[in-house]
Amino acid sequence: NDSTSPTLSNVRIFGAENTGLTIQNGAPSISNLAVVESGGIAIHQTVNASPTYVNLTATNTGGDYVFHDGGTTNADRTWDFGGLPVRLRDDLRIGGGTTLTVVPGTVVKVSLGAWIASNGTLIAKGTESKPIVFTSIEDDTAAGDSNRNGNATTGTQGQWEALYLENGSTASILEHVDIRFAGNG
């Protein structure tokens, strides 16, 4: 249910057949988590979940990232993935009346052809030393080869659609943000 808030601290998930950890809803607190040699992605999170992550690592998994479902946010969210990049699975809409805050240093890798749109408020305030990066899943120059395919892919123009600030997003703030390889309209 949406009120679940378990705590995972100093946990190692090793050799999972598929996804290392799935978070469907609630607000769990997860710190010092290592996902190692998982056959699938390291962590899967739905748009309804609001976990707190601190100090996450993923090594030799099917995807060394947090795999975040698309959809529409229905509550305020803060994106801090504890040091891992996030791969946005599908289109994401920041719902009217909600705020998505992205912390400095976050790398958001958007799936091919997908987009991010805000009818609410997007607060993406990076710093000069820790910019926020919105890029393609194919871009290994941001947060490394998180899709673990070696040199098979590189970031190129138009791999994902765009970051849209639509009606209702007038309070949005973007500072020290790098938007790479978008433009597939």
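When the alpha carbon gyration tensor of the chain is reduced to an equivalent ellipsoid, its three semi-axes come out at 24, 21, 14 angstrom, largest first. Summarising the label geometry, the points placed 7 Å from Cα in the beta-carbon direction at residue 128 and residue 60 lie 4.1 nm from one another. Once you order the gyration tensor axes a ≥ b ≥ c over the Cα atoms, which shape class does the stretch 110-161 get: rounded for a/c under 1.5, otherwise prolate or oblate by comparing a/b with b/c? Because a/c hits 1.5 or more and a/b fails to exceed b/c, the stretch 110-161 counts as oblate.
Its Cα centre serving as origin, the chain has a Cβ charge dipole (Lys and Arg +1, Asp and Glu -1) of approximately 200 debye. Between the amide H of residue 13 and those of 34, 35, 36, distances stay under 5 Å, these residues lying 5 or more places away or on another chain, with hydrogens modeled in the peptide plane. Backbone phi angles across the stretch 82-95, fed through the Karplus curve with coefficients 6.51, -1.76 and 1.60 (θ = phi - 60°), yield HN-Hα couplings of x, x, 8, x, 10, 10, 7, 5, 9, 4, 10, 10, 7, x Hz in residue order; Gly and Pro are listed as x.
In this Cβ point-charge picture (+1 for Lys and Arg, -1 for Asp and Glu), the stretch 24-113 has a dipole of about 100 debye about its Cα centre. Spin-label model, residue 14/residue 101: points 7 Å from Cα along the beta carbon direction are separated by 3.7 nm. Using the Karplus relation 6.51 cos²θ - 1.76 cosθ + 1.60 with θ = phi - 60°, the per-residue 3J(HN,Hα) values for the stretch 14-25 come to 10, x, 5, 5, 10, 5, x, 8, 10, 10, 8, 6 Hz, with x marking Gly and Pro. Each listed q (0.13, 0.15, 0.17, 0.21 Å⁻¹) maps to a log10 I(q)/I(0) for the stretch 92-185 from the Debye sum over equal C-alpha point scatterers, namely -0.44, -0.57, -0.73, -1.03.
Distance between the pseudo-spin-label points of residue 31 and residue 46 (7 Å out from Cα toward the beta carbon): 2.7 nm.
Across the stretch 72-113, Cα pairs under 8 Å and at least six residues apart give a relative contact order of 53 percent.
For the stretch 29-40, backbone phi angles converted through the Karplus equation (6.51, -1.76, 1.60; θ = phi - 60°) give residue-by-residue couplings of 10, 10, 9, 6, 9, 10, 10, 10, 6, 7, x, x Hz, Gly and Pro being listed as x. Applying 0.36 nm per residue to the separation of residue 149 and residue 76 and subtracting their alpha-carbon distance, the gain on full extension is 22.9 nm.
Rounded, prolate or oblate for the stretch 26-95? Axes are the square roots of the Cα gyration tensor eigenvalues, ordered a ≥ b ≥ c, and the cut-off for rounded is a/c under 1.5. Cα axes put the stretch 26-95 in the oblate bin.
As a length-normalised measure over Cα pairs under 8 Å and 6 or more apart, the relative contact order of the chain settles at 15 percent.
When only alpha carbons are used to place a centre, the stretch 33-107 and the stretch 115-146 end up 12 Å from one another. Using the average count of surrounding beta-carbon atoms within 10 Å as a protection proxy, the listed peptides 84-93, 10-19 rank, highest first, as 84-93, 10-19. Ranking 5, 67, 96 by how far each Cα lies toward the positive end of the dipole of the stretch 1-132 (charges on Cβ) leaves 96 at the top.
Bear in mind these aren't lab numbers, they're just calculated from the coordinates by the rules spelled out. All of these numbers come straight from a predicted model, not from anything done at the bench. Cβ coordinates were reconstructed from backbone atoms using ideal geometry, including for glycine residues, and neighbour counts include every protein chain displayed.
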